[in-house]
1. Is it the case that SER250 is small (Gly, Ala, Ser), away from ligand 1 (no atom under 16 Å from the Cβ), surrounded by 16 or more Cβ atoms within 10 Å (Cβ to Cβ) and under 18 Å from the mean Cα position of the chain (by Cα)?
2. Given the stretch 1-85, what strands (runs of 3 or more DSSP E) lie entirely inside it while holding 2 or more residues that are surrounded by 17 or more Cβ atoms within 10 Å (Cβ to Cβ) and on the phi > 0 side of the Ramachandran plot?
3. Might you let me know whether the stretch 208-220 holds any residue that is in a helix (DSSP H, G or I) and more than 16 Å from the chain's Cα centre (by Cα)?
4. Hey, can you tell me all the residues within the stretch 175-201 that are farther than 20 Å from VAL165 by Cβ and touching a residue at least 24 places away in the same chain (Cβ under 8 Å)?
5. Within the stretch 154-207, restricting attention to residues that are hydroxyl-bearing (Ser, Thr, Tyr) and under 17 Å from VAL237 (Cα atoms), which residue is farthest from ligand 2 (Cβ to nearest atom)?
6. In the stretch 1-39, what residues are modelled with pLDDT under 95 and among the hydrophobic types (A, V, I, L, M, F, W, C)?
7. So, in the stretch 63-103, how many residues would count as being among the acidic types (Asp, Glu) and in contact (Cβ under 8 Å) with a residue 12 or more places away in the chain?
8. Considering ARG278, ARG314, ARG318, which residue is more than 16 Å from ALA166 (Cβ to Cβ), among the charged types (D, E, K, R), more than 15 Å from ligand 2 (Cβ to nearest atom) and out of contact with any helix residue (DSSP H, G or I) (no Cβ under 6 Å at 6 or more places or on another chain)?
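The values are calculated or read from the model by the stated rules, or taken from the named source; none is laboratory data. Just so it is clear, the structure is predicted and the values come from calculations on it, not from any experiment. FYI the Cβ positions are ideal-geometry reconstructions off the backbone, even for glycines, and counts take in every protein chain you see.
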Amino acid sequence: MQLHGLGLDLTGWFQIGWSADFEVGDVLPLRYFGQDLVGWRGHDGAFRVQGRFCQHLGASLGHGGTVTDAGIQCPFHGWTWAADGSNVAIPYQDRPNKARKLATWTVAEANESLYLWHDAAGRPPLWEVPDSLAAGVHCERREFYPLDDGGRVRFTDLRVHPQMVAENAVDAHHFRFVHGTPTSPTVIEERVEGPTWWSRVGFGRGWKEHPRGPDGAVRTDSLNTIEILWSGLGVSVNTEHTRDGVRVISVNTTPVEDGTTEIFTTYWIDRAGGGYERRLDEAKLALPDDLAIWNHQTYIDPPGLATEEGRGFRQMRRWASQFYAGENVVP
Ligand code: FES
Ligand SMILES: [Fe+2]
């Protein structure tokens with residue numbers, strides 16, 4: 001398979017911002033999946049994404065549109081559009097225009113983040129956005145520092161296909177070269193089901209030599225491991241247990257248009273380990289190194305793999321194929 005348009009044809013949830021970007025009444029222009037959109041938060045607190053252009057005479061609702069109790073009001077002639085896209089008020093006529101609608105997108109708000117559902121076939125969501133702080137077993141009974149501006153980093157104007165980022169999950173040997181780890185990690189467990197990819201890898205000699213317990217069962221201890229969760233190709237959660245504590249890193253790639261993507265990263269640091277600022281800075285070190293590679297990488301299919309890489313990459317690409325238009329998308 002060839003990858004086209006850096007993921008414009010993908011089905012799934014894709015991050016388009018954070019909850020903190022939109023206070024009640026805020027309106028902002030957005031552009032994702034090659035579409036001009038407007039994002040706004042209603043007086044009821046709900047976040048919405050709709051087509052940006054007023055269906056009266058085409059003014060941008062994202063530039064000067066205002067939120068009212070009834071919906072979003074256009075700055076040009078005051079027409080008001082409701083959350084379902086219908087026109088509900090024309091200030092100089094006693095009835096609205098029932099024939100015209102604004103396109104309305106399905107969105108989700110979770111993990112203090114905003115997500116857009118995209119499906120080339122127009123279906124409603126086929127799965128839910130996972131809870132980032134419940135995604136890894138490491139997170140159980142952990143408390144995290146509240147998210148602040150430092151915990152939210154957006155990379156724009158990238159040339160990174162979402163699948164390239166997901167393939168990181170099966171790419172053990174880049175760690176030594178890109179991230180300077182002394183050895184490559186060991187895969188401890190892997191579960192692949194429907195739109196979800198979950199695996200756990202361990203770092204260091206202890207995991208390499210004893211990936212399983214003495215009874216042959218999967219080890220339940222977690223120091224020096226990373227749990228990797230993918231929910232489609234747009235949303236990922238890495239739960240990392242280091243000597244300092246647990247950190248949760250979400251890395252989400254979103255198509256903007258043909259040839260351009262953005263990556264939203266969110267960092268949660270657990271309280272028990274203390275040292276928030278230092279650990280946040282450390283958590284942020286790895287991604288720019290990956291980006292330096294991904295941003296100039298091309299997609300080779302089939303790739304020329306070393307023998308031990310074959311199984312993981314084949315499984316990952318088979319799993320990934322379900323999210324493309326024209327493929328058999330889950331369920
Ligand atoms: S263009 Fe929006 S009300 Fe006229
Ligand atoms: Fe990496």
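1. Working: small (Gly, Ala, Ser): yes; away from ligand 1 (no atom under 16 Å from the Cβ): yes; surrounded by 16 or more Cβ atoms within 10 Å (Cβ to Cβ): yes; under 18 Å from the mean Cα position of the chain (by Cα): yes.
So SER250 fits the description; yes.
2. On the way: elements: 12-18, 27-32, 35-41, 47-51, 66-68, 71-73.
Qualifying strands (runs of 3 or more DSSP E): 12-18.
3. The initial filter retains those residues of the stretch 208-220 that are in a helix (DSSP H, G or I), namely 208-209.
Subset that is more than 16 Å from the chain's Cα centre (by Cα): 208-209.
Yes, the conditions are met somewhere in the stretch 208-220.
4. THR183, THR186, ILE188, GLU189
5. Looking only at the stretch 154-207, we keep the residues that are hydroxyl-bearing (Ser, Thr, Tyr), and these are 156, 181, 183-184, 186, 196, 199.
Retained after the next criterion (residues that are under 17 Å from VAL237 (Cα atoms)): 196, 199.
On the way: THR196: 20, SER199: 14 Å.
Among those residues, the one meeting the criterion is THR196.
6. MET1, LEU3, LEU6, LEU8
7. Within the stretch 63-103, residues that are among the acidic types (Asp, Glu) and in contact (Cβ under 8 Å) with a residue 12 or more places away in the chain number 2.
8. Details: ARG314 fails: more than 16 Å from ALA166 (Cβ to Cβ); ARG318 fails: more than 16 Å from ALA166 (Cβ to Cβ).
So the residue among ARG278, ARG314, ARG318 that is more than 16 Å from ALA166 (Cβ to Cβ), among the charged types (D, E, K, R), more than 15 Å from ligand 2 (Cβ to nearest atom) and out of contact with any helix residue (DSSP H, G or I) (no Cβ under 6 Å at 6 or more places or on another chain) is ARG278.
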